[in-house]
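> Mind looking over this structure? Questions follow.
The values are calculated or read from the model by the stated rules, or taken from the named source; none is laboratory data. These numbers come from a predicted model, not from an experiment. Cβ: placed from backbone, ideal geometry, glycine included. Neighbour counts: every protein chain shown. Please note that ligands, DNA and RNA were not included when accessible areas were found on the heavy atoms of the full protein model with its side chains. Shrake-Rupley method; radii C 1.70, N 1.55, O 1.52, S 1.80 Å.
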Amino acid sequence: MTVTGSRHVGSALDRVDAVEKVTGRARYAYDNAPAGLVHAVPVQATIARGEILEVDVDAILKRPGVVAAIWHGNAPRLPSADEELAVLQSRRVAYRGQYVAVVVAETLEDARNAARLLRVEYAAEEHDVELRADHPRMYRPERVNAGYATDTEDGDPDAALASAPVVVDAVYSTPAEHNNPMEPHATIAEWDGDGLTVHEPTQGASSLRASLGSLFGMPPAHVRVVSPYVGGGFGAKLKILPHVVIAALAAKQVGRPVKLAVTRRQMFAVTGYRTPTIQRVRLGAEAGGRLVAITHDVYEQTSIVAEFAEQAAVPSRMMYAAPHRRTTHRLVRLDVPTPSYMRGPGETPGMFALESAMDELAIACGVDPVELRVRNEPETDPESGLPFSSRNLVACLREGARRFGWAGRDPEPGVRRGGRLLVGTGVAASTYPAYRAPSSASARAEPDGRFTVRLAAADIGTGARTILAQIAADTLRTSPGLVVVELGDSALPSAVVAGGSMGSASWGTAVVRACEALRDRLEAAGGAVPPGGLEATADTTQEVRAQEPFARHAFGAQFAEVGVDADTGETRVLRLLGVFAAGRILNPTTARSQFIGGMTMGLSMALLEESIMDREFGDYLNHDLAQYHIAGCADVRDVQAFWVEEDDSHLNPMGSKGIGEIGIVGTAAAIANAVHHATGVRIRDLPIRMDKLVR
Amino acid sequence: MKGDANTTYDDAAPAPITVDLQLSVNDQLYPVTVDTRETLLDTLRGRLDLTGAKKGCDHGQCGACTVLVDGRRVVSCLTLTVSVDDRTITTVEGLGSGGALHPLQKAFIDHDALQCGFCTPGQLCSAAGVLAEAAAGWPSLVTPRSPPGAGPEAAGCSHDPAAPPHDPAARALPDGPPEPVRLGEEEIRERMSGNLCRCGAYPGIVAAIAEVAR
Ligand code: FES
Ligand code: FES
């Protein structure tokens, strides 16, 4: 496979939509206001399990401005829907916060007030919302997220552990965490005859269109999803969510465009979150640190209405060379909101466990933690036996150690003081698969020398618009300033979601192929663009399916320095430095921002983030941004991202690997390892709170 | 739990109360009729089609809705529109002048201080407020205090355990107008902490503001 020439790819072009964003002109979904719109405010269940007996619709319809109040008793029936999406289709309540009704009114104030006053009667049942590894209803899901096998076993890990000179055996846990993109979910739904148009911030306009089509029993061509700007997603806007269905149902019922904004507080129950995890990791090693066995057993929750099995043990299958390995995933269905994708599902919590365990092993063996990882570098993918298309973890570790000033680190924990602070450093590795999926694109030349590239991709803040313009410019041998990229609309050529860090690789391939086809047409036309313009399209289904078998992954090494207040236990991350090997970096400006953004979310995960389940009421208690803390400006001091050059011709025409998720993977472990180095206290249960350090 | 309701209400349903106002936004006068329950954020976005200010939480917890009222930053989601009819409001749409970007807007682009852009209007208005507050000498929690012993907090430590010790002589004469606060990175981080950015653009935001503050 050839890697395209690179005049513009790899250059630090400013974000092409930056001016729109800094002037407030960028229109996000909720910024639209079609004529005649009404406001919908959903009502959420106040019990965690049971039945809705009655909703007092009549009383609420008498309130000022109220246009409709819809619940199971009077909702239009959906032809088919999975349980999570069968909104207002049943009396059952499967979790607290599930939508049970929606009020539609002329103004937002009227709708909000009416929704607050709507009387809903329930028959509550006993609920069970507590994840325990020994829960009697733990079961083995058929597969885990992204299609991975639930369990794997190679060799005889139990025997290998029994005879290993050094064993680490520990349980790590991560709490429920909520994505909380700054833009809450919002839908504007409008029917026009048989057709439905929704403005919705989504990570995948094509797939949302398909989901809506099948839900409402109509061809996808009758649905249009418009989503030019998305205020962050981090997985929360990847798949269709129930509020979109409610908005569409309500719009159908009242025959007017409906605007529905999910509030920040509502989001905690209805827009997905990362499942809490309980993970047992066992490492068996020779005295010098060479691994002989890895086992990684994961326990997680899902909801009654949908299964989401986070693949947390999957990275332990390919990270290190250990001949004996076992990984398992178990789930329990609880009366809780449905968990879903959150930045780096699988790798993020899984690598917290594995990389914490590696640090414990380094200490047990008396080997430097950087060196330990180098010693366990596999030749080929331990899981599949396939060669890696490229694997530069060692280069990341070495380069990171150099930049960070790792050499000469005293491994002794709890001995460095700077004033009131106990200071320590830690390292962890990161990894994320380099996926690619079929997409299509069109490219068009205008007689005035400008080009337009179209595809239903999403720029959720990643810089997709910018890098696709760079890719197109190189393929068309023009400048990015002459290329307009249109995306975020399901009417454009169908494209895969912005998820799994596969956007650039997937869309970029389609854009290269469409531009190549256009170039051929231009050459055939003698270089002159006819007055009506010239256009070409491409679909990469064949190309992607035919790709050679390789183990394709990005890698990284993260280094952290922390200061822990010796009296209060307050932990501050003084420095965070990551070095990544992710193929060719398409735009150093937007790439650096993405790496740093991921690391910042990892810092946030390490120290702050935790959704606390209220056992009594089955509710995530701290359901707003005052109580669910994410890193603020003062928490983030010195975060730096670098990369090592990788020339990998087995990926895609750009030679790129995805970078949206790897930044968060490994960060929490690096920080927890640094906290141990600083204090001698090993925190195996995130987040690293003061009360866990001061005992 | 039978018969449990989300809440209770009385059946009397008073009609919403509306008020006619003149709002001054970005040097333009807007005559509007608003519901007395309406927030400035909803009025700007819903009635004036100024959708730059964003609703990230509607509870004063994220800063996405930050605008300037008489030059000072406020969270417009916690500001009732009826309370600002005689004030001067500036939103992100009004930061630049004559079609040119405000220096902060330009610096945000130069430092890639944004990703999804959703928090950006709030960050920019907040940053403009910070520049004015610092110029007026308003201290923050991390501003070196002077004179020593003046305030209740003067003897305490910074909330930041890693911060250098205060230099009591660094700022402000005992009498006379306060000296402007120098906006170093720590000052900026502290003052900008009411504006959350889930994309993690903080390093770029701090660098951009520092550049303009210089
Ligand atoms: S929307 Fe006003 S502070 Fe969040
Ligand atoms: S740029 Fe996305 S939240 Fe700040």
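> For Cα pairs less than 8 Å apart in space and 6+ apart in sequence, what is the mean separation divided by the residue count of chain A, i.e. the relative contact order in percent?
Computed value for chain A: 17 percent relative contact order.
> Using a probe radius of 1.4 Å on heavy atoms only, what accessible surface per residue do you get for the stretch A:300-385? Whole Å² is fine.
Value returned for the stretch A:300-385: 22 Å² of accessible area per residue.
> Same structure again: Restricting the count to DSSP beta bridges whose residues both fall in the stretch A:575-695, what percent are antiparallel, rounded to a multiple of 5?
40
> Let me ask something else about it. Excluding residues on the same chain fewer than 8 positions from A:Lys62, give the aspartates and glutamates whose Cα lies under 16 Å from its Cα.
A:Glu106, A:Glu109, A:Asp110, B:Asp10, B:Asp11
> When the Cα centres of the stretch A:287-350 and the stretch A:624-684 are compared, how far apart do they sit, in Å?
19
> Here's another thing I want to ask about it. Enter the accessible area per residue of the stretch A:590-695 (Å², integer; probe 1.4 Å; all protein chains in place).
With the other protein chains kept in place, the stretch A:590-695 gives 30 Å² per residue.
> Counting only DSSP beta bridges with both residues in the protein assembly as shown, what percent are antiparallel, rounded to the nearest 5?
Taking every DSSP beta bridge with both residues in the protein assembly as shown, the antiparallel ones total about 75 percent.
> With every protein chain kept in the model, how would you rank B:Arg87, A:Arg77, A:Arg682 by accessible area, 1.4 Å probe, largest at the top?
A:Arg77, B:Arg87, A:Arg682
> Also: Carbon and sulfur: what percent of the protein assembly as shown's accessible surface (1.4 Å probe)?
Its accessible area is 50 percent carbon and sulfur atoms.
> Per DSSP H run of n ≥ 4, the term is -39500 (n - 2.57); total these for the protein assembly as shown, divide by its residue number, and report the mean residue ellipticity at 222 nm rounded to 500 deg cm²/dmol.
Theoretical 222 nm ellipticity from helices: -7000 deg cm²/dmol.
> If you don't mind, another one. Name the residue from A:Leu361, A:Ala312, A:Val292 whose Cα lies farthest towards the positive end of the charge dipole of the stretch A:280-374, charges +1 on Cβ of Lys and Arg and -1 on Cβ of Asp and Glu.
Final value for the positive-end residue is A:Val292.
> Hey, what did the stretch B:7-115 get for relative contact order, percent, Cα under 8 Å, at least 6 apart?
Relative contact order of the stretch B:7-115: 26 percent.
> Of A:Leu61, A:Thr46, A:Ala674, which is farthest on the positive side of the dipole of chain A, counting Cα position, with +1 on Lys and Arg Cβ, -1 on Asp and Glu Cβ, and the Cα centre as origin?
In chain A, that residue is A:Leu61.
> Cross-link candidates for A:Lys692: which lysines have Cα within less than 23 Å, leaving aside residues fewer than 8 places away along the same chain?
Straight-line reach from A:Lys692, under 23 Å: no lysines qualify.
> Tally the DSSP beta bridges in the stretch A:152-300 and give the antiparallel ones as a percent, rounded to 5.
Antiparallel: roughly 90 percent of the beta bridges in the stretch A:152-300.
> Leaving out ligands, DNA and RNA, calculate the buried accessible area for the pair B and A with a 1.4 Å probe, summed over both sides, in Å² to the nearest 100.
Summing both chains' loss of accessible area gives about 5700 Å².
> Relative to the Cα centre, what is the charge dipole magnitude of chain A, using +1 at the beta carbon of each Lys and Arg, -1 at the beta carbon of each Asp and Glu, and rounding to the nearest 20 debye?
920
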